[in-house]
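The values are calculated or read from the model by the stated rules, or taken from the named source; none is laboratory data. Source: prediction; values computed, not measured. Ideal geometry is used to build each Cβ from the backbone, glycine not excepted, and the neighbour counts take in all protein chains shown. For the accessible areas, the whole protein counts, side chains as well, though only heavy atoms, and no ligand, DNA or RNA atoms are used. Shrake-Rupley method; radii C 1.70, N 1.55, O 1.52, S 1.80 Å.
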Amino acid sequence: MKSLYSLLILIVLSSCSGIDLQQYESNTPQLDLFEYFTGPTTGYGIVQNRSGELTRQFTVDIAGEVNDRGELVLTEDFDWSDGEKSQRIWILTRADQHSYSGTAEDVIGRADGIAYGNVLNWQYVVNLTVDDSTWKIHFDDWMFLVSEQLLINKAILTKFGFKVGEVTIVFQK
């Protein structure tokens, strides 16, 4: 039992190793969340389970505007392949040239993001409804601006340090 516990600790710790985002600082085009998401944006996404099996597809229409407090408000309207419709409203702030934070109703605490060059990494926890229960799911969310019009987003979803799924979204201005 002790060796199983040690193995679990090793797996969790090794999954926490981070990527140095500063290595992307010279990548272009430069990603500025406020610039990219102000106005209308459409996203096309898929959800996969931990085995890689496609479980859902969706489109999301996003309306972004900067409010009088200088926050970026993103209203996301989701249309899911199974007929569900949902909405999430993000309130994003910029702390400095590289740091962002955000809140949404289903996000526990706040999301923290770091951006360099054309790459941004968000870390946050969401209350996600699964069947008849609510799970606290950690999102390791990566955004890559590949052109002025196209942004690719890939999120790894974990619970207790174990991968439970992935979300991939292609955003188009």
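Note on segment 20-154: with charges restricted to the Cβ of Lys and Arg (+1) and Asp and Glu (-1), its dipole about the Cα centre is near 200 debye.
Carbon-plus-sulfur accessible fraction, the chain (probe radius 1.4 Å, protein heavy atoms only): 55%.
Entry note, segment 59-124: relative contact order of 19 percent, from Cα contacts under 8 Å with a spacing of 6+ residues.
Put Ile62, Ile91 in order of accessible area, highest first, and with a 1.4 Å probe you get Ile91, Ile62.
Rolling a 1.4 Å probe over the protein heavy atoms leaves Arg94 with an accessible area of roughly 100 Å². Approximating the spin labels as points 7 Å out from Cα along Cα→Cβ, the Gln22-to-Ile114 distance works out to 0.9 nm. Helix 2-14 and the long axis of the chain differ in direction by around 10°, with both axes built from C-alpha atoms. Here the label points at Gln123 and Asp79, each 7 Å from Cα along the C-beta direction, are separated by 3.6 nm in the simple model.
Taking a point 7 Å from the Cα of Phe162 along the Cα-to-Cβ direction, the residues of segment 22-50 with backbone N closer than 12 Å to it are 50. Quick one, which of (1) 0.94; (2) 0.98; (3) 1.16 is the actual Rg/Rh (Cα atoms, Kirkwood Rh) calculated for this model? From the options (1) 0.94; (2) 0.98; (3) 1.16, the structure gives (2).
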